[in-house]
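The next block holds one structure in the form of structure tokens; read it before the comments.
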Amino acid sequence: GNLEWLDKNKSSFLVLWRRPEEWGRLIYQWVVKNGLTNSVFTLYELTSGDDTENEEFHGLDESMLLRALQALQQEHKAEIITLDDGRGVKFF
């Protein structure tokens with residue numbers, strides 16, 4: 001379940017350390033643990049900010065971060081938003 005094909009011919013694939021839903025769960029646990037619900041973050045702050053330095057998702061690839069946040073969005077725990085300088089996320 002941690003292999004994802006990147007093309008229809010199945011000639012290249014991505015091995016996932018964690019599935020997007022698992023990354024989303026870790027991120028949301030951090031948000032709740034730190035009392036940050038109803039807060040807005042840039043994607044940069046989540047993966048590269050000082051506050052997440054000791055978290056497993058620190059340094060996570062942006063494409064995987066977006067997939068994790070989309071999973072949270074489907075669960076109504078977050079909303080991906082467009083900011084002046086890029087994208088961000090609001091947690092509920």
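The values are calculated or read from the model by the stated rules, or taken from the named source; none is laboratory data. On a predicted model such as this, the values are computed, not experimentally measured, just so you know. Using ideal geometry, Cβ is built from the backbone for each residue, glycine included, and neighbour counts are taken over all protein chains shown. With ligands, DNA and RNA removed, areas are computed over all heavy atoms of the protein, side chains included. Shrake-Rupley method; radii C 1.70, N 1.55, O 1.52, S 1.80 Å.
Some notes on this structure:
- Computed [θ] at 222 nm, helices only, for the chain once each DSSP H run of length n ≥ 4 contributes -39500 (n - 2.57): -11000 deg cm²/dmol
- Karplus 3J(HN,Hα) series, Hz, for segment 50-55 with 6.51 cos²θ - 1.76 cosθ + 1.60 (x for Gly, Pro): 4, 5, 10, 3, 9, 9
- For the chain, the spread of Cα positions along each principal axis, largest first, Å: 43, 28, 24
- Extension gain from D85 to S48, taking 0.36 nm per residue of separation minus the Cα-Cα distance: 11.7 nm
- In percent, rounded to a whole number, the relative contact order of the chain is 28, using alpha-carbon pairs under 8 Å and six or more apart.
- Exposed loop sites here mean trypsin sites (Lys or Arg not before Pro) with a DSSP loop assignment and at most 10 other beta-carbon atoms within 10 Å; the chain contains its longest site-free run at 11-92.
- Most positive-pole-ward Cα, M64, L3, F92, against dipole of the chain from beta carbon charges: L3
- Rounded percent of accessible protein surface that carbon and sulfur make up, the chain, 1.4 Å probe: 45
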